[in-house]
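Below is one structure, written out as structure tokens, with a few remarks after it.
The values are calculated or read from the model by the stated rules, or taken from the named source; none is laboratory data. Since we're looking at a predicted model, the values are computed, not measured. Note that we place each Cβ from the backbone using ideal geometry, even for glycine, and neighbour counts take in every protein chain shown.
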Amino acid sequence: MPAHEMPGGVILETLDLCKRFSGIPAVEGVSFRVSAGEILGYLGPNGSGKSTTVKMITGLLQPSSGEIRYRGELVHPGTADFKRYQRHIGYVPEEPYLYLQLSAAEYLFLIGRLRKMRDVLLREKIAEGLRQFGLWEDRYSPMASYSKGMRQKVLLLAAILDDPDLIILDEPFSGLDISTALMMRLFIKKLAEAGKAVFFSSHVIEVVEKVCASVIVLRRGKVVGAGTIDSLRTILNRNTLEEVFTDLVELRDSETAASNLLALMRG
């Protein structure tokens, strides 16, 4: 049975979520569900409202209107029930904001203590996680010396440290080398296989197509397409997600623009 049909399978749901800045909508009327065992792609060009949505569902921004539900229960930003909901979230932001003077081991231990994890279990999880992510040899080096990929691995380890059931990823592949991106892609699939709900926000079409079965396409803060990748390709009579995306966000003139730019460059 597909995850979205499982009884009680819906982990996160938004209903008509909106965010306005000085009266101007950045996100408008966004509704979606993410179920246990599902990786939902949230796809849109830069500036379409993806990160604003992520910040609302993680509590970094308060919605102007709309609802956020966790396992069917309405959670209100800024209240105790929202704090309880946040404890079930593993969040990997686009920018790796870390205490760079700390080592990976120190940083992860700090995160675990803030989440009130038992020291013995925490040390075991940190050691195994660093080994599996290829960071063991650098565990005592300050993260200031780490590459972007190494820092992303630390962020992902921090996000899953206390076994959350909802993983929220905002452009997690930004700046990664090919081998690290492949490992991260496989791991995200493993998270879904383990029953986690994964919300995957990205503007990189190729990655979303390889990782996600279902997508939401966002344009200027509004949902312009939603469903499985296969169903969207069928409905729009397109062969690839890139072609679907191009249709939905009205980029069919991009080839003309590219040609005009080339002509301008040549004088």
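Before moving on, here are some points about what is shown:
- Some residue of the stretch 166-175 being without any contact (Cβ under 8 Å) to a residue 12 or more places away in the chain and surrounded by fewer than 16 Cβ atoms within 10 Å (Cβ to Cβ): no
- Within the stretch 83-117, if we keep just the residues that are among the β-branched types (Val, Ile, Thr) and under 15 Å from the mean Cα position of the chain (by Cα), the residue that is surrounded by the fewest Cβ atoms within 10 Å (Cβ to Cβ) turns out to be Ile89.
- Condition check for Ala181: part of a helix (DSSP H, G or I) and in contact (Cβ under 8 Å) with a residue 40 or more places away in the chain: no
- Scan of the stretch 184-219 for residues that are part of a helix (DSSP H, G or I) and not β-branched (Val, Ile, Thr), ordered by number: Met184, Arg185, Leu186, Phe187, Lys189, Lys190, Leu191, Ala192, Glu193, Glu206, Glu209, Lys210
- Odd one out for Gly59 among (1) more than 24 Å from Val249 (Cα to Cα); (2) surrounded by fewer than 18 Cβ atoms within 10 Å (Cβ to Cβ); (3) out of contact with any helix residue (DSSP H, G or I) (no Cβ under 9 Å at 6 or more places or on another chain): (3)
- All conditions in (1) farther than 23 Å from Ile188 by Cα; (2) among the aromatic types (Phe, Trp, Tyr); (3) at pLDDT 90 or above hold for Tyr107, with the sole exception of (1).
- Criterion applied to Leu122, Leu155 was being touching a helix residue (DSSP H, G or I) at 6+ places or on another chain (Cβ under 6 Å), buried (at least 16 other Cβ atoms within 10 Å of the Cβ) and part of a helix (DSSP H, G or I), and the one residue passing it is Leu122.
Conditions tested, residue by residue: (1) in contact with a Gly (Cβ under 8 Å, 6 or more places away or on another chain); (2) assigned to a helix (DSSP H, G or I).
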site: Ala26; (1), (2): yes, no
site: Thr53; (1), (2): no, yes
site: Ile57; (1), (2): no, yes
site: Glu95; (1), (2): no, no
site: Leu98; (1), (2): no, no
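- Taken together, Leu43, Leu12 contain a single residue that is modelled with pLDDT of 95 or more and buried (at least 18 other Cβ atoms within 10 Å of the Cβ), which is Leu12.
- Test: Arg69 is within 24 Å of Ala226 (Cα to Cα) and assigned by TED's automatic domain parsing to the domain that holds Thr246: yes
- Matching option when the condition is assigned by TED's automatic domain parsing to the domain that holds Ser35 and under 26 Å from Val208 (Cβ atoms), among Pro93, Pro77, Pro172: Pro172
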